[in-house]
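Novice: My questions will all concern the structure given below.
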């Protein structure tokens, strides 16, 4: 066992345990243990568990990326200040000012990459488990995916398409090719929509004027092309995982943008309008203004007179007479 396999071993063991647990649960309710649909549902369950566990990492990554985008205009000003100056003193000064900006704003250019790096071993482990389970040259997994389950997974077919096959190894299987093409289109569309909603609705005007925004626009059209390569070479079982994961990311991103938008973005303005309408429906208005912006003056409440009995009233009148 090489070093890379040693690192992935515990991750693969956990992934196999989740996959086998879902497969056992599905067969317990009456599904065929060797049917491709059963294994596809087990893959879906695996994706849901893994992505749910990564939600805190995702939130941290979103916050890190947002802070970097917020300081991007200030970084651009520093870069413009020393533009064209290539002497050592200017480079050191620009570096000092940039690091001081990061320190004062609590940002770190590497912090947004750390969550992704934490996810990479999990993704490699997922790919390795799904790919090995469909490899006829491998007898079993590293954990609960025994030889029988391994063989069942490797031989499973989904609507006539073996999950272990890819477009490159379809051998003329039209079903495999059609299914791979459909998944490539869905994967590309979901990835594009996910990036587009970030670019169009969750960026402030300052961010859209920054160089980082222009780089993101390029990635908006480049990243989906990755699925053309993956769709040609990856087995269908792995592509099912990736497709479900993409849909999860798209929905997750929608929820984050709706409830935690970047300040000053279109999504943030839409959220403010939505909250204002909700407050109006509940009969709640601003303390100083109504819905039209007119200042509300609260009526002066008259001071309540305490009732006075007859004896006290006579004494008070006699006192006034004196």
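The values are calculated or read from the model by the stated rules, or taken from the named source; none is laboratory data. The shown structure was predicted, so the numbers you read here are calculated from the model rather than taken from an experiment. Note: ideal-geometry Cβ built from the backbone for every residue, glycine included; neighbour counts use all protein chains shown.
Novice: Which residues, taken from the stretch 129-187, are touching a residue at least 40 places away in the same chain (Cβ under 8 Å), part of a loop (DSSP other than H, G, I, E, B) and buried (at least 16 other Cβ atoms within 10 Å of the Cβ)?
Specialist: Matches in the stretch 129-187: 134, 141, 142, 143, 144, 145, 156, 163, 164, 165, 166.
Novice: Sticking with this one: Mind listing whichever residues of the stretch 49-103 are without any contact (Cβ under 8 Å) to a residue 12 or more places away in the chain and closer than 30 Å to residue 16 by Cβ?
Specialist: Of everything in the stretch 49-103, those that are without any contact (Cβ under 8 Å) to a residue 12 or more places away in the chain and closer than 30 Å to residue 16 by Cβ turn out to be 52, 53, 56.
Novice: Shifting gears a bit: For the stretch 22-42, what are the residues that are part of a helix (DSSP H, G or I) and free of Cβ contacts under 8 Å to residues at least 60 places away in the same chain?
Specialist: Scanning the stretch 22-42 gives 22, 24, 25, 26, 27, 28, 41, 42.
Novice: A further question follows. Residue by residue through the stretch 97-122, note down the ones that are at pLDDT below 75 and in a helix (DSSP H, G or I).
Specialist: Selection gives 105, 114, 115, 116, 117, 118, 119.
Novice: How many residues are in a loop (DSSP other than H, G, I, E, B) and touching a residue at least 24 places away in the same chain (Cβ under 8 Å) when one looks only at the stretch 1-21?
Specialist: Residues meeting the conditions: 0.
Table: residues versus (1) surrounded by 18 or more Cβ atoms within 10 Å (Cβ to Cβ); (2) more than 23 Å from the chain's Cα centre (by Cα); (3) at negative phi.
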residue	(1), (2), (3)
8	yes, yes, yes
11	yes, no, yes
20	yes, yes, yes
26	yes, yes, yes
30	no, yes, no
34	no, yes, yes
49	no, no, yes
55	no, no, yes
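Novice: Given the criteria at pLDDT 80 or above, under 26 Å from residue 165 (Cβ atoms), out of contact with any strand residue (DSSP E or B) (no Cβ under 6 Å at 6 or more places or on another chain) and surrounded by 14 or more Cβ atoms within 10 Å (Cβ to Cβ), does residue 44 qualify?
Specialist: So residue 44 fits the description; yes.
Novice: Taking the conditions exactly as written (surrounded by 14 or more Cβ atoms within 10 Å (Cβ to Cβ) and at pLDDT 75 or above), does residue 210 satisfy them or not?
Specialist: No.
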